[in-house]
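Have a look at the structure below before the remarks.
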Ligand code: GUN
Ligand code: FE
């Protein structure tokens, strides 16, 4: 058995009481947290295993992001200042359509490197049309905990070459789930019909029906993001997004909807009754000019809200510190300065994210028996509050910290970032290989 003992300055547990522990240690046995107890020098001396001295660092649960597109990392900076449907039509669909296995691999690696180096330990990813097995391979190698699935598209009026037949989409999806979904493992399938405008009814329903065979899988789609998107959905189906999904019986507590900005009261009621979850993407919603989601209202209604950076070309970062800060700040002019306080946001980025993915018993907080998905932060810097005790630890993390404060990251009991060093990724190598792949991809997209 592999045993590790971490001795941090503070432990921000994100447990149900929001406990912050001082003078405590965390013991890890293989992939799990096996004990959290008061620090005793004698026990540390006699510990048979690796001791991580982190007396100046703060231990927090790894962050959970419930909406990511690894396949788009390569396109960062190549689709700025556009609104959703133009962004998809002019840039993202043509680029995704030009992916081959090599470019998709680099895109996934670049995204995973960025996510892990900025403290994210669990993601829900939406893939692209083709070569999804590459993403699963890279998820596996990275060590991250993930839900993932190919994006499903059997309709596409914006860019017609980028879709495939209903039958092929369903078959490919089923084969991928059969091969890569792990009932009790780190990687699970997230069925991902892209959005209403890329899917026939048969595809939306077919994806839902498959879930029965894959315990713990999820249904992951985009919804109610942009006014033009909503108008086309209404024109096509005579219903708004959620009303349409509900009419097809697609909504339950295994459904995660990204964005969810433009919604009516009836849709809010439906989502609440069905227990479906919202993946809130504040940076993306602002950058694409999509709007500001009424998050305080959703929370008041008891709707689950978690955070996601979405993709690199609509953000243009994947690090969750930006999402935490914005998720709080954008609501304050609308709902007052007490809305979305730092602790609420921190929980949204950790335990609430895990619960949204129905793995709240497994990860998202630091508790005995849970997976060792942990991050060590250095909050003793000139860029944090100088009064850096328990009282303002959430403020320090949510309002002041950034990816630069991350020291080490552990997933499933394995160090995936150790003192700032990745045992897996070399930044320069990724940068060079990524640029080469991007050049080739742009050329292919112009043919
Ligand atoms: N709606 C459909 N596809 C996408 C996508 O790739 N990103 C975002 N933000 N919205 C979408
Ligand atoms: Fe998205």
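The single condition among (1) within 16 Å of ligand 1 (Cβ to nearest atom); (2) crowded, with 24+ Cβ neighbours inside 10 Å that residue 64 does not satisfy is (1). Being touching a strand residue (DSSP E or B) at 6+ places or on another chain (Cβ under 7 Å) and outside any helix (DSSP H, G or I) holds for only one residue in 56, 17, and it is 56.
Residue 88: surrounded by 16 or more Cβ atoms within 10 Å (Cβ to Cβ), modelled with pLDDT of 95 or more and part of a strand (DSSP E or B), yes or no? No. Go through the residues of the stretch 310-325 one by one and say whether even a single one is more than 15 Å from the chain's Cα centre (by Cα), more than 16 Å from ligand 2 (Cβ to nearest atom) and either in the same structural domain as residue 274 (by TED's automatic domain parsing) or modelled with pLDDT under 95 (or both). For the stretch 310-325, residues more than 15 Å from the chain's Cα centre (by Cα), more than 16 Å from ligand 2 (Cβ to nearest atom) and either in the same structural domain as residue 274 (by TED's automatic domain parsing) or modelled with pLDDT under 95 (or both): present. Quick check on the stretch 260-286: of everything there that is away from ligand 1 (no atom under 16 Å from the Cβ) and buried (at least 23 other Cβ atoms within 10 Å of the Cβ), which residue is farthest from the chain's Cα centre (by Cα)? For the stretch 260-286, the residue satisfying everything is 271. Residue 340 meets the conditions (1) outside any loop (DSSP other than H, G, I, E, B); (2) more than 16 Å from ligand 1 (Cβ to nearest atom); (3) touching a helix residue (DSSP H, G or I) at 6+ places or on another chain (Cβ under 8 Å) in every case but one. The failed one is (1).
Screening residue 304 on (1) closer than 24 Å to residue 403 by Cα; (2) buried (at least 19 other Cβ atoms within 10 Å of the Cβ); (3) more than 16 Å from ligand 2 (Cβ to nearest atom) shows it passes everything except condition (1).
Taken together, 385, 445, 408 contain a single residue that is touching a helix residue (DSSP H, G or I) at 6+ places or on another chain (Cβ under 6 Å) and within 30 Å of residue 137 (Cα to Cα), which is 445. The one condition from (1) within 16 Å of residue 104 (Cβ to Cβ); (2) within 15 Å of ligand 1 (Cβ to nearest atom); (3) not in a loop (DSSP other than H, G, I, E, B) that residue 162 does not meet is (3). Please work out if residue 39 is crowded, with 22+ Cβ neighbours inside 10 Å and on the phi < 0 side of the Ramachandran plot. For residue 39, the condition - crowded, with 22+ Cβ neighbours inside 10 Å and on the phi < 0 side of the Ramachandran plot - is not met.
Contact annotation: residue pairs with Cβ atoms under 7 Å, 6 or more positions apart or on different chains, pairing a residue in the stretch 151-169 that is assigned by TED's automatic domain parsing to the domain that holds residue 125 with a partner that is part of a strand (DSSP E or B) and modelled with pLDDT of 95 or more, are 151/126; 151/192; 152/192; 152/193; 169/152.
The values are calculated or read from the model by the stated rules, or taken from the named source; none is laboratory data. All values derive from a computational prediction rather than experimental measurement. Please note: Cβ atoms are built from the backbone with ideal geometry, for glycine as well, and neighbour counts cover all protein chains shown.
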